[in-house]
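Note sheet for the following structure.
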Amino acid sequence: MIFHLTCPDQRGIIAQFTQLLYQHKVNVLSLEQHVEPDEGLFFMRAHADLSSMTIPSNALIDLLNEIEGKLSGKLTIHDPLMPLNMAILCTKEQAHVSDLLMKHQSKELNCNIPLVISNHDNLRSSVEQYRIEYYHLPVDAQNREFQEKEILSLLKTHNIDIVVLARYMQILSPKIVQQYKGRVINIHHAILPAFKGDMPYHKAWVRGVKMIGATAHYVTEALDEGPIIEQDVESVTHQYSVKEMIQAGRDIERRVLTSAVKAHLQHRILLHGQRTLIFHG
């Protein structure tokens with residue numbers, strides 16, 4: 001099991017937690033902690049093996065809840081052996097979708113992917129070859145509200161835990177964002193603040209940019225301002241053509257998106273306001 005604990009910083013937090021596990025023969029495989037001294041807050045992620053535990057699981061949870069109360073904290077428990085259900089939303093770009101599907105097929109992503117939703121039909125064959133359902137839901141100004149209801153219905157039907165926007169070029173409504181708060185991951189080029197709108201790499205090339213990158217973040221109602229999960233950059237020179245710059249940027253985007261998705265699936269992320277704490281696991 002994986003335990004996330006957030007509480008006011010105080011003496012003996014780790015001691016109380018690990019002593020309880022030790023008493024009932026729970027083996028701690030890894031434990032990481034972080035303190036925000038200015039806020040007086042303590043954060044912990046612990047991964048434990050319960051296979052030799054001497055009490056029932058519900059009894060252990062009751063004891064842990066007692067500690068949670070004493071510490072005035074919040075404890076959440078995750079089962080890493082229980083794969084999350086992940087939905088991919090996309091538009092026309094194949095690279096990001098194919099990378100996720102290949103990583104899933106090779107068991108690098110511990111999840112189920114029951115469906116892919118797109119507002120275009122371009123990627124149907126490349127998705128269906130993985131025996132994954134593909135839903136084409138075209139979006140325009142007239143049907144946007146209806147199609148979002150369809151998306152929500154599909155997400156609920158398939159018990160989706162996490163939504164990944166693999167270059168999905170549509171803005172999600174506040175309704176979807178609220179229902180899946182902290183569970184929608186988006187990817188965009190890190191040069192976005194300077195070059196918003198269409199053709200950002202073209203604009204960057206014209207301005208002679210020397211560094212390109214990508215950012216994966218959780219989606220919030222504030223566009224492209226959600227908590228950042230993963231980032232990476234790469235140097236470019238004047239010798240790069242626009243095409244080469246786009247390709248380099250797309251490669252970074254794929255790496256960053258996959259890394260962010262892995263961190264979420266492995267329960268290595270603790271959200272704290274607009275910040276993320278990413279543990280090693």
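The values are calculated or read from the model by the stated rules, or taken from the named source; none is laboratory data. The shown structure was predicted, so the numbers you read here are calculated from the model rather than taken from an experiment. Note that each Cβ is placed from the backbone with ideal geometry, even for glycine, and that neighbours are counted across all protein chains shown. Ligands, DNA and RNA are stripped out before the accessible areas are found, and what is left, the full protein with its side chains, is counted by its heavy atoms. Shrake-Rupley method; radii C 1.70, N 1.55, O 1.52, S 1.80 Å.
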Practice prompt. Kindly provide the set of residues from the stretch 101-118 that are open to solvent by 10 Å² or more (accessible area, probe 1.4 Å) and assigned to a loop (DSSP other than H, G, I, E, B), ordered by number.
Written response: S106, K107, E108, N110
Discussion item. With the requirement that a residue be open to solvent by 60 Å² or more (accessible area, probe 1.4 Å) and not polar (S, T, N, Q), what does the stretch 32-48 give you?
Written reply: H34, P37, D38, E39
Practice prompt. Hey, can you tell me all the residues within the stretch 41-79 that are closer than 30 Å to I252 by Cβ and either modelled with pLDDT under 95 or of a type in the set (A, V, I, L, M, F, W, C) (or both)?
Written response: F43
Item to complete: Could you list, in sequence order, all residues of the stretch 139-159 that are open to solvent by less than 20 Å² (accessible area, probe 1.4 Å) and touching a Pro at 6+ places or on another chain (Cβ under 8 Å)?
Response: Q147
Worksheet item: Do we find a residue being crowded, with 17+ Cβ neighbours inside 10 Å and assigned to a loop (DSSP other than H, G, I, E, B) anywhere in the stretch 77-84?
Response: no
Item to complete: Would you mention how many residues in the stretch 160-169 are open to solvent by less than 40 Å² (accessible area, probe 1.4 Å) and over 17 Å from P83 (Cα atoms)?
Response: 4
